[in-house]
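J.: Handing you a structure now.
The values are calculated or read from the model by the stated rules, or taken from the named source; none is laboratory data. A quick note: this is a predicted structure, and the numbers were derived from the prediction, not measured. Cβ placement follows ideal geometry from the backbone for every residue including glycine, while neighbour counts extend to all protein chains displayed.
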């Protein structure tokens, strides 16, 4: 795979390109509308949905509050059950650990369960660089991989593709990756699924090593949980002899009971199902059943940085359901690639800056501004992450990080001038007189064209000219309309 | 009860008719609303762009301007939301205890429809507006304040008014404050869909409780020569028989 998010332009520019892609716009509008409707229906069935959301947030907050203790317990329980536990500070360390396991067994190909953590660390590319081929087995991830493409959605990474495009990718690329697409393949969903099944089957049967992530990790029992729809994940978890699971440290919950709430919230919020088709749980090794060797890589990669952010740490509650993406009017129009990360949409707009820090990368710094702050994401979030609130906090961090630098100095000067004007009624009144002059000079009540930066408004929208008589002038002249 | 009007900097400067309409409605219902001249802006443009430190004097000025009133009412869901949810955050982030105290002492803040329905207990404000309208529930009214169906109930009680459903009504119009100029392409893409839905509704007039969103949608509609005008909720509620809402504010 050569596609990469590295070097992506800042959001406004990336979005402009995406907005011009009419096929993408159509695919996304259709897909997000469908999944939104499905979610709305199954959420409405639960009378105590709000209580469930509160409980979900509380479970995750409690887990994060004593994260250090839970992680040590998790390590102990996993080790006691025959699992080798590794700790990875960042992406490079995590990738090296996984590659090391493969190399120790002279393994050159692995099958993968759909996993955001491994996407985040760029594992497939890192393995390829060391001569190990990683095969994605989740249907949507397979489409992305075969298309030499990038994921654009957390749950449905190929959401930007329609059936016809998927058929083309299968016909073109399956042969190079293994079993070719059947002759005469149509774009019927059942036929496409059949083609993927046949293609993947030989990989499942051949692979000696699998790589997974985990939706949850239960500390008290050393249990990892993977939730999926297709069963391909379960094939990877049970067939190969070696299993390596890369788990973000925020995935840990203290007890099995904690899963009760989270497993109710997740499927309804993500796929719009009452219950997901496959929930795999495993607690270490079982002789004669499943893998004979298991590793767990506990991944930080910025999570402790996010945890240190008093307001932003709530983003670590995220259970990767994608409900916020599906309801986001920005995401629906730009798609996921514009966010330049495997975590797109509203959660990506806060998670990326929190994991990576602000003030160093223009692309990351543009993400907190990739929102109209409409609040639809907060309403949809099953663990009540106040995404708009965190976005505003991160914007403040971006502005603070730039203070005293030349970057965006024009904006800072404008904002300081605005602040001086807007802090007092007297000064606003004076500014209005100046603005009134503009109207008299131009003799216009509506502006259809303004020079830059006003053109950023008038490029597509008319702008009313300042009023002949502002409200405060009218009030003073007429005594509030009484004279 | 001493009630102050927060006219908002946008209405003050660009849409004074909206402020006058709010005064008209409130006086008709017996509220002798005052205009504290020290008021300027709630600070939202600065806050939502990340200039929280710069917003400190703006929030301080706001608290001083409205000190001592029993209630503040404003024809803007967005500004009401900023005062209710963000002023305390500005003070806290600045570590300014004095400002935090002043913010805590700010009188209760009501968006116009909340004040009419909840405080005055009125849904029929004695208005007449014989036109076909559709209503856009602006995001901050809808989600930040939770005004629910209050604006709708007010509109339904207006004589002669025919209310049409707006498709995908609860979706953002794409204004989003400085979002409209920082991400103009995305903002316009969202606004274009909103404008399309407004036209699909078959209404002559688009009504909303925020002049900022109306400026954005209205600006798109006039550019498209759509033949649909925009009016603030206050302007519709101020209209009476023989004295309709000002026709010149055409889109």
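J.: Those residues that are free of Cβ contacts under 8 Å to residues at least 60 places away in the same chain, within 20 Å of residue A:288 (Cβ to Cβ) and outside any strand (DSSP E or B), I need them from region A:240-259; list them, please.
T.: A:241, the sole residue that qualifies.
J.: Tell me, yes or no, whether region A:344-364 has at least one residue that is outside any helix (DSSP H, G or I) and crowded, with 24+ Cβ neighbours inside 10 Å. Full working, then the answer.
T.: Of all residues in region A:344-364, those outside any helix (DSSP H, G or I) come to A:344, A:357-361.
Restricting the remaining residues to those that are crowded, with 24+ Cβ neighbours inside 10 Å gives A:344.
Yes; the residues of region A:344-364 include at least one that is outside any helix (DSSP H, G or I) and crowded, with 24+ Cβ neighbours inside 10 Å.
J.: Which members of region B:83-96 meet the condition of being assigned to a helix (DSSP H, G or I), more than 22 Å from the chain's Cα centre (by Cα), in contact (Cβ under 8 Å) with a residue 12 or more places away in the chain and more than 10 Å from chain A (Cβ to nearest Cβ)? Please lay out each step first, then the result.
T.: Pass one, region B:83-96, residues assigned to a helix (DSSP H, G or I): B:83-85, B:87-94.
Checking the rest, the ones that are also more than 22 Å from the chain's Cα centre (by Cα) come to B:91-94.
Imposing the further condition that a residue be in contact (Cβ under 8 Å) with a residue 12 or more places away in the chain reduces the set to B:91, B:93-94.
Passing the criteria: B:91, B:94.
J.: Sticking with this structure for a sec: Of the residues that make up region B:171-187, is at least one more than 10 Å from every other protein chain (Cβ to nearest Cβ) and modelled with pLDDT of 95 or more?
T.: The first filter runs over region B:171-187 and keeps only residues more than 10 Å from every other protein chain (Cβ to nearest Cβ), leaving none.
No: region B:171-187 contains no residue that is more than 10 Å from every other protein chain (Cβ to nearest Cβ) and modelled with pLDDT of 95 or more.
J.: I'm told residue A:131 meets every condition in (1) assigned to a helix (DSSP H, G or I); (2) more than 20 Å from residue A:299 (Cα to Cα) except one. Can you identify the failing condition by its number?
T.: Of (1) assigned to a helix (DSSP H, G or I); (2) more than 20 Å from residue A:299 (Cα to Cα), only one is false for residue A:131: (1).
J.: Could we say that residue A:327 is modelled with pLDDT of 95 or more, more than 22 Å from residue A:156 (Cα to Cα) and crowded, with 24+ Cβ neighbours inside 10 Å here?
T.: Numbers: modelled with pLDDT of 95 or more: yes; more than 22 Å from residue A:156 (Cα to Cα): no; crowded, with 24+ Cβ neighbours inside 10 Å: yes.
No; evaluated as a whole, the condition is false for this residue.
J.: Out of all the residues in region A:371-384, which are surrounded by fewer than 24 Cβ atoms within 10 Å (Cβ to Cβ) and away from chain B (no Cβ under 11 Å)?
T.: Passing the criteria: only A:384.
J.: Considering only region B:44-55, how many residues are touching a residue at least 40 places away in the same chain (Cβ under 8 Å), within 19 Å of residue B:175 (Cβ to Cβ) and facing chain A (nearest Cβ under 7 Å)? Break it down stepwise before answering.
T.: In the first step, residues of region B:44-55 are kept if they are touching a residue at least 40 places away in the same chain (Cβ under 8 Å); the result is B:44-45, B:47-49, B:52-53.
So of that shortlist, the ones also within 19 Å of residue B:175 (Cβ to Cβ) come out as B:44-45, B:47-49.
Subsequent filtering for residues that are facing chain A (nearest Cβ under 7 Å) retains B:45, B:47-49.
Residues that pass the stated criteria total 4.
J.: Does residue A:253 satisfy being modelled with pLDDT of 95 or more, within 29 Å of residue A:103 (Cα to Cα) and either surrounded by fewer than 19 Cβ atoms within 10 Å (Cβ to Cβ) or away from every other protein chain (no Cβ under 14 Å) (or both)? Spell out how you get there, then give the answer.
T.: On the way: modelled with pLDDT of 95 or more: yes; within 29 Å of residue A:103 (Cα to Cα): no; either surrounded by fewer than 19 Cβ atoms within 10 Å (Cβ to Cβ) or away from every other protein chain (no Cβ under 14 Å) (or both): yes.
No: the conditions fail for residue A:253.
J.: If I ask for residues that are part of a loop (DSSP other than H, G, I, E, B), more than 10 Å from chain A (Cβ to nearest Cβ) and surrounded by fewer than 24 Cβ atoms within 10 Å (Cβ to Cβ), which ones from region B:188-227 would you list?
T.: Answer for region B:188-227, where residues must be part of a loop (DSSP other than H, G, I, E, B), more than 10 Å from chain A (Cβ to nearest Cβ) and surrounded by fewer than 24 Cβ atoms within 10 Å (Cβ to Cβ): B:202, B:203, B:204, B:225, B:226, B:227.
J.: Shifting gears a bit: Taking residue B:58 as meeting all but one of (1) touching a residue at least 40 places away in the same chain (Cβ under 8 Å); (2) in a helix (DSSP H, G or I); (3) surrounded by 24 or more Cβ atoms within 10 Å (Cβ to Cβ), write down the number of the exception.
T.: (1)
J.: Quickly run through region A:451-477 and pick out the residues that are exposed (fewer than 14 other Cβ atoms within 10 Å of the Cβ) and either under 37 Å from the mean Cα position of the chain (by Cα) or assigned to a strand (DSSP E or B) (or both).
T.: Correct list: A:451, A:452, A:453, A:454, A:455.
J.: For region B:25-41, what are the residues that are more than 9 Å from every other protein chain (Cβ to nearest Cβ) and in contact with a helix residue (DSSP H, G or I) (Cβ under 6 Å, 6 or more places away or on another chain)?
T.: Scanning region B:25-41 gives a single hit, B:25.
J.: Can you find a residue that is at the interface with chain B (Cβ under 8 Å from one of its Cβ atoms), at pLDDT 95 or above, under 24 Å from residue B:12 (Cα atoms) and touching a strand residue (DSSP E or B) at 6+ places or on another chain (Cβ under 6 Å) anywhere in region A:434-456?
T.: No, that holds for no residue.
J.: Limited to region A:224-233, what total is found for residues that are surrounded by fewer than 22 Cβ atoms within 10 Å (Cβ to Cβ) and farther than 19 Å from residue A:156 by Cβ?
T.: Of the residues in that region, 1 qualify.
J.: Going through region A:103-115 one residue at a time, which ones are in contact with a strand residue (DSSP E or B) (Cβ under 8 Å, 6 or more places away or on another chain) and surrounded by fewer than 23 Cβ atoms within 10 Å (Cβ to Cβ)?
T.: Correct list: A:105, A:107, A:108, A:109.
J.: Of the numbered conditions (1) closer than 24 Å to residue A:480 by Cα; (2) in contact with a helix residue (DSSP H, G or I) (Cβ under 6 Å, 6 or more places away or on another chain); (3) at the interface with another protein chain (Cβ under 8 Å from one of its Cβ atoms), residue B:14 fails exactly one; give the number of that condition.
T.: (2)
J.: Being surrounded by 15 or more Cβ atoms within 10 Å (Cβ to Cβ), more than 43 Å from the chain's Cα centre (by Cα), modelled with pLDDT under 95 and more than 10 Å from chain B (Cβ to nearest Cβ) is the requirement here; does residue A:483 meet it?
T.: Details: surrounded by 15 or more Cβ atoms within 10 Å (Cβ to Cβ): no; more than 43 Å from the chain's Cα centre (by Cα): yes; modelled with pLDDT under 95: yes; more than 10 Å from chain B (Cβ to nearest Cβ): yes.
So residue A:483 does not fit the description; no.
J.: With respect to the numbered conditions (1) within 11 Å of another protein chain (Cβ to nearest Cβ); (2) more than 12 Å from the chain's Cα centre (by Cα); (3) surrounded by 20 or more Cβ atoms within 10 Å (Cβ to Cβ), which one is the sole condition not fulfilled by residue A:400?
T.: It is condition (3) that residue A:400 fails.
J.: So, in region B:156-170, of the ones that are in contact (Cβ under 8 Å) with a residue 60 or more places away in the chain and in contact with a helix residue (DSSP H, G or I) (Cβ under 7 Å, 6 or more places away or on another chain), which residue ends up farthest from the other protein chains (Cβ to nearest Cβ)?
T.: Result: B:161.
J.: Does any residue of region A:420-428 turn out to be within 10 Å of chain B (Cβ to nearest Cβ), more than 23 Å from residue B:39 (Cα to Cα) and surrounded by 14 or more Cβ atoms within 10 Å (Cβ to Cβ)? Explain how you work it out, then say what you get.
T.: Residues of region A:420-428 that are within 10 Å of chain B (Cβ to nearest Cβ), as a first pass: A:420-428.
From what's left, more than 23 Å from residue B:39 (Cα to Cα): none.
Within region A:420-428, none of the residues are within 10 Å of chain B (Cβ to nearest Cβ), more than 23 Å from residue B:39 (Cα to Cα) and surrounded by 14 or more Cβ atoms within 10 Å (Cβ to Cβ).
J.: Among the residues that make up region B:68-82, is at least one of them facing another protein chain (nearest Cβ under 10 Å), more than 20 Å from residue A:429 (Cα to Cα), at pLDDT 95 or above and within 16 Å of the chain's Cα centre (by Cα)?
T.: The answer is yes; a qualifying residue exists.
J.: Would you mention how many residues in region A:22-65 are in contact with a helix residue (DSSP H, G or I) (Cβ under 9 Å, 6 or more places away or on another chain), within 14 Å of chain B (Cβ to nearest Cβ) and closer than 13 Å to residue A:333 by Cβ?
T.: Residues flagged as in contact with a helix residue (DSSP H, G or I) (Cβ under 9 Å, 6 or more places away or on another chain), within 14 Å of chain B (Cβ to nearest Cβ) and closer than 13 Å to residue A:333 by Cβ within region A:22-65 amount to 6.
J.: Now for a different question. Could you run through region B:7-53 and say how many residues are buried (at least 24 other Cβ atoms within 10 Å of the Cβ), out of contact with any strand residue (DSSP E or B) (no Cβ under 9 Å at 6 or more places or on another chain) and closer than 23 Å to residue B:87 by Cβ?
T.: 13
J.: Here's something else I'd like to know. Does region A:25-36 contain any residue that is more than 22 Å from residue B:185 (Cα to Cα), assigned to a helix (DSSP H, G or I) and touching a residue at least 12 places away in the same chain (Cβ under 8 Å)? Spell out how you get there, then give the answer.
T.: Taking region A:25-36 as the starting set, the residues that turn out to be more than 22 Å from residue B:185 (Cα to Cα) are A:34-36.
Now drop any that are not assigned to a helix (DSSP H, G or I), which leaves A:34-36.
So of that shortlist, the ones also touching a residue at least 12 places away in the same chain (Cβ under 8 Å) come out as A:35-36.
Yes: region A:25-36 contains one or more residues that are more than 22 Å from residue B:185 (Cα to Cα), assigned to a helix (DSSP H, G or I) and touching a residue at least 12 places away in the same chain (Cβ under 8 Å).
J.: Oh, and also: Provide a single number: the residues in region B:98-149 that are in contact (Cβ under 8 Å) with a residue 24 or more places away in the chain, closer than 23 Å to residue B:42 by Cα and not in a loop (DSSP other than H, G, I, E, B). Outline the logic, then answer.
T.: Step one: filter region B:98-149 for residues in contact (Cβ under 8 Å) with a residue 24 or more places away in the chain, giving B:99, B:102-103, B:105-120, B:122-142, B:144-145, B:147.
Right, trim to closer than 23 Å to residue B:42 by Cα and you get B:99, B:102-103, B:105-116, B:118-119, B:136-142, B:144-145, B:147.
Within this subset, residues satisfying the condition of being not in a loop (DSSP other than H, G, I, E, B) are B:99, B:102-103, B:109-116, B:118-119, B:136, B:139-142, B:144-145.
Residues flagged as in contact (Cβ under 8 Å) with a residue 24 or more places away in the chain, closer than 23 Å to residue B:42 by Cα and not in a loop (DSSP other than H, G, I, E, B) within region B:98-149 amount to 20.
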